[in-house]
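The values are calculated or read from the model by the stated rules, or taken from the named source; none is laboratory data. Just so you know, these numbers come straight off a predicted model, no measurement behind them. Every residue, glycine among them, receives a Cβ derived from its backbone with ideal geometry; neighbour counts consider all protein chains shown. Keep in mind that these areas ignore ligands, DNA and RNA; they rest on the heavy atoms of the full protein, side chains included. Shrake-Rupley method; radii C 1.70, N 1.55, O 1.52, S 1.80 Å.
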Amino acid sequence: MIHLIRGFKDILPGEVELWQYIERTAIDLFENFGFREIRVPIMERTELFSRSIGEDTDIVEKEMYTFPDRKGEFITLRPEATASVVRSYIQQKLYTTDPVQKLYTIGPMFRRERPQKGRYRQFYQIDAEIFGSQSPLADAQLIFMLVSLFIKLSVTDATVHINSLGCPECRPKFREALSGLLKQVEPQLCEDCVRRSTRNPLRVLDCKVPTCRDAIAEAPSVIDFLCPECREHFKTVTRLLDTMNVPYVLDKRLVRGLDYYTRTAFEIQTGALGAQNAIAGGGRYDSLVKTLGGPDTPAIGFAIGFDRLAEIVALSGRDFSKGPEVFIAALGKDSQARAFEWHCALSMEGISTEMDFSDRGLKGLMKRASRLKSRYVLITGEQELEQGALVLRNMATKEQVAVPVDCVVETVKSMILQ
Ligand code: AMP
């Protein structure tokens, strides 16, 4: 037997209904907020990710699935979606019709991390991006939409953590101050942080190793270094969140693992999942479109960890799997042939219908109908066909009604939809 690759998983029927429910809820909500779907490939040229996410990040340094294709060109299974959406915005010149584009995309991402509960090598993200607006209203809208999705999905244990990472003008001053502190505490830092402290000091702030956390407990706050414009932007974002009654925590440690963020950075954290407590993250990336060769276009986006969100929604114990509305129990060859027509016609009419293709007896058919969780069973045998009336049984109430053979589809449909 050939097994799955480590860190990859199947999402099986029974579980997939929950995923579909989340996906539909997200799509409906995002479209109400004016977002449109974009589908981008799952493989891109490696340099798209190394240039956007940053050479010194964990993702690019250690986690990407990169390999030469048959002609020796390096390609990468996407570790996140933003870079591809930005590439498409530039390449397809989406800005020519309207520089403001509100886009969402849902799909699998790939990172070669150490697998554990809530962390996979193929995982899914629900992603939304707003291009072409530098207004703090865009930041607030995106965060509000994200929080609304959690509310709609009855996820209550979720907190918005928010920070500002400044801009190319003010961030270097913060970086310098932070580097100064990191030099002093270097002996207490883990191996990764020693390396990060020269190449990407901000990343030390979100190291989870306890000794590193202690060593930088007194680290300066990026908020104290913001330039007047970044400060004003951040103040307006938080004021808007206050107005919209979105609770949040100001989190000076929040830096996010990707290099392209500027100004607002945010994360949704939960206590429901143990170690993997981030269910969504995002932020502004005002320089990325230009860096990747497009027009100077501000942008902001988020990515929700779909797997983690599904794990939380599943905790409610609600059963999202649905059986067919009608199971047609047909006894004998003649009945089966007629049942097949009704099965096809009802399914076409929007009534989910199932039937059995074997020659099982009534007891076996009823067993299968209840195993499938059918709401109704339509029973047809030689006798019923002769008498011109079938039996429709409500599986919950056990109530039975007669259905005339010459108008099965109409009668069943009207009974079920009433
Ligand atoms: P990021 O793209 O790193 O900002 O991640 C956004 C969200 O994706 C995180 O908050 C997680 O919920 C989810 N995520 C990231 N990496 C993984 C992974 N390896 N397995 C499952 N979910 C992940």
- [ ] Just round it to a whole percent: the fraction of Cα-Cα distances in the chain exceeding 40 Å.
- [x] 34 percent
Open item on the list: Once neighbouring chains are kept in place and the probe is 1.4 Å, which whole percent of the accessible area of the chain is contributed by carbon and sulfur?
Closed with: 52 percent
TODO: Would you list, by chain and number, the aspartates and glutamates whose Cα falls below 12 Å from the Cα of residue 413, excluding same-chain residues fewer than 8 positions away?
DONE: 325, 349
- [ ] Determine ³J(HN,Hα), in whole Hz, for all residues of the stretch 65-82 in sequence, where each value follows from phi through the Karplus function 6.51 cos²θ - 1.76 cosθ + 1.60 and θ = phi - 60°; x replaces Gly and Pro.
- [x] 8, 10, 7, x, 7, 5, 9, x, 7, 7, 10, 9, 6, 4, x, 6, 9, 4
Open item on the list: Using the alpha carbons of the stretch 48-202, what is the convex hull volume per residue in cubic angstrom, as a whole number?
Closed with: 184 Å³
Task: Residue-normalised accessible area of the stretch 326-417, expressed per residue, 1.4 Å probe, Å² - done: 56 Å²
Open item on the list: How many angstrom lie between the Cα centre of the stretch 280-332 and the Cα centre of the stretch 168-247?
Closed with: 30 Å
Open item on the list: Checking a compactness column here: for the stretch 201-246, what do you get for Rg(Cα) / (2.2 N^0.38 Å), N being the number of residues?
Closed with: 1.54
Task: Cα centroid separation - the stretch 371-418 against the stretch 1-74, whole Å - done: 45 Å
TODO: Measure off 7 Å from each Cα along the Cα-to-Cβ vector at residue 113 and residue 92, then give the distance between these two points in nanometres to one decimal.
DONE: 2.8 nm
TODO: Please list 321-330, 29-38 highest first by mean number of surrounding beta-carbon atoms within 10 Å per residue.
DONE: 321-330, 29-38
Task: Cross-link pairs 333/363; 102/208; 173/235; 102/290; 152/322 - those with Cα-Cα distance over 25 Å - done: 102/208
Task: Largest to smallest principal axis extent of the C-alpha atoms in the stretch 326-417, angstrom - done: 30, 28, 24
TODO: For the stretch 52-61, just list the computed ³J(HN,Hα) in residue order, Karplus coefficients 6.51, -1.76 and 1.60, θ = phi - 60°, integers in Hz, with x standing in for Gly and Pro.
DONE: 8, 5, x, 4, 9, 9, 4, 4, 6, 5
Task: Beta bridge orientation in the stretch 326-417: antiparallel %, DSSP, nearest 5 - done: 55 percent
Task: Whole-number accessible area per residue in Å² for the stretch 203-242, which is evaluated in the context of all protein chains at 1.4 Å - done: 51 Å²
Open item on the list: From the phi angles alone, apply the Karplus equation (6.51, -1.76, 1.60; θ = phi - 60°) to the stretch 129-144 and give each ³J(HN,Hα) in whole Hz, x where the residue is Gly or Pro.
Closed with: 9, 10, 9, x, 9, 9, 5, x, 4, 5, 4, 5, 4, 5, 5, 4
Task: Net +/- balance of residues flanking residue 349 in space, Cβ distance below 10 Å, scoring K and R +1, D and E -1 - done: 0
